[in-house]
1. Step by step: first the residues of the stretch 124-150, then only those that are of a type in the set (S, T, N, Q) and not in a helix (DSSP H, G or I), then the one that is surrounded by the fewest Cβ atoms within 10 Å (Cβ to Cβ). Which residue is that?
2. Test Gly212 against the criterion of being in a loop (DSSP other than H, G, I, E, B), open to solvent by less than 30 Å² (accessible area, probe 1.4 Å) and within 16 Å of the ligand (Cβ to nearest atom), and give yes or no.
3. Which residue pairs have Cβ atoms under 6 Å apart, sit 6 or more places apart or on different chains, and have a first residue in the stretch 227-254 that is more than 21 Å from Pro157 (Cβ to Cβ) and a second that is open to solvent by 50 Å² or more (accessible area, probe 1.4 Å) and more than 16 Å from the ligand (Cβ to nearest atom)?
4. Out of all the residues in the stretch 247-283, which are touching a helix residue (DSSP H, G or I) at 6+ places or on another chain (Cβ under 8 Å), over 19 Å from Thr143 (Cβ atoms) and open to solvent by less than 10 Å² (accessible area, probe 1.4 Å)?
5. May I ask you to list the residues in the stretch 39-69 that are in contact with a Gly (Cβ under 9 Å, 6 or more places away or on another chain) and either in contact (Cβ under 8 Å) with a residue 60 or more places away in the chain or of a type in the set (Phe, Trp, Tyr) (or both)?
6. Does Val228 satisfy the criteria of being of a type in the set (Val, Ile, Thr), under 17 Å from the mean Cα position of the chain (by Cα) and assigned to a strand (DSSP E or B)?
7. Please state which of the following conditions Lys119 fails to meet, knowing it meets all the rest: (1) more than 17 Å from Leu172 (Cβ to Cβ); (2) of a type in the set (Lys, Arg); (3) buried (at least 18 other Cβ atoms within 10 Å of the Cβ); (4) in contact with a Ser or Thr (Cβ under 8 Å, 6 or more places away or on another chain).
8. Which condition breaks for Val121 when tested against (1) of a type in the set (A, V, I, L, M); (2) part of a helix (DSSP H, G or I); (3) touching a Phe, Trp or Tyr at 6+ places or on another chain (Cβ under 7 Å)?
Amino acid sequence: MAEKTLILNGTTVADGIKANLAARVAALKEKGIVPCLATILVGDDPSSATYVRMKGSACSRLGMESRRIHLGAETTTEELIAVIDGLNGDDGVHGILLQHPVPHQIDERAAFEAIAIGKDVDGVTMLGFAQNAFGMAEYPSCTPAAILAILDYYRLPMEGKHAVVVGRSPILGKPVSLMLLNRNATVTVCHSKTEGLAELVRQGDIVVAAVGKPAFIQGEWVKEGAVVLDAGYNEGNIGDVDYEACLAKASAITPVPAGVGPVTIATLLKHTVAAAERRVFQP
Ligand code: NAP
């Protein structure tokens, strides 16, 4: 095992993010505003249902409101967009989160684009993505922002490091790659058509797993002393990294659970509170 592998505790990082949120929620309530996150779940994907449930519970614990909208698996793009339009026009809703992935018949991009930019607290619209790419996003995508927050909290340097990101989804792999690039890492982005994946991962000083396949990143792919961030969450609390095998090689690693997940949720709450504040204090 690499000497004393540092376990990157997402709960600790999340607590730091949430530390001043309760006071900010209280200040908003004094003005008659309860920050509200609307979550939309389409269909019955178990991981997505878990994410949405956790986000709603986290809102309640902070004294925020959450509105959970659960639509059937047969929902059409038009029906989903109509729901999003309703939330856009609802002054009681400050943030909108459409849980990805949606069933295949839905045009996910069109649905994301329907979210008003001021309520796009997960940075999923093209404008939100572009602002993030330029390092100018008010609400960068929450999981990528969480990954950077963990690196920052533990003072793990990005500048000059080779970061290998496995996954290129528009909500995770791509934005985290751009954020790492903006922090002066040298970034390799891998995906399902990448050839020689193991060799590429082996070059990473920082490895980000965002694949959606349980225990996919193998210990023998990881360079001795690498920093491993596992964004994955699969049924049974299994990440996208073969944890025990990668623990033996890494200098620092996020566990699953209690790694990236809680920081993602804390970031989402922070963005929703900020969106509510923006409405009240800069109308
Ligand atoms: P996604 O949209 O399904 O994207 C998966 C990515 O992995 C795609 O870019 C895909 O490549 C790539 N991939 C699939 N098989 C591969 C292979 N054999 N080799 C290399 N790359 C491969 O998933 P996502 O939404 O980004 O989520 C990824 C993971 O993060 C999931 O486990 C999800 O549950 C988790 N997640 C966690 C959080 C959190 O808060 N912790 C939040 C969001 C997501 P192609 O582009 O070529 O198809």
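1. Checked the stretch 124-150; the qualifying residue surrounded by the fewest Cβ atoms within 10 Å (Cβ to Cβ) is Thr125.
2. no
3. Hits for this filter: Ala248/Met1.
4. Ala276
5. Thr39, Val42, Gly43, Ser47, Tyr51, Met54
6. yes
7. Checking Lys119 against (1) more than 17 Å from Leu172 (Cβ to Cβ); (2) of a type in the set (Lys, Arg); (3) buried (at least 18 other Cβ atoms within 10 Å of the Cβ); (4) in contact with a Ser or Thr (Cβ under 8 Å, 6 or more places away or on another chain), the one that fails is (4).
8. (2) is the only condition that Val121 fails.
The values are calculated or read from the model by the stated rules, or taken from the named source; none is laboratory data. All figures in this text were calculated on a predicted structure; none of them were measured in a lab. Ideal geometry is used to build each Cβ from the backbone, glycine not excepted, and the neighbour counts take in all protein chains shown. With ligands, DNA and RNA removed, areas are computed over all heavy atoms of the protein, side chains included. Shrake-Rupley method; radii C 1.70, N 1.55, O 1.52, S 1.80 Å.
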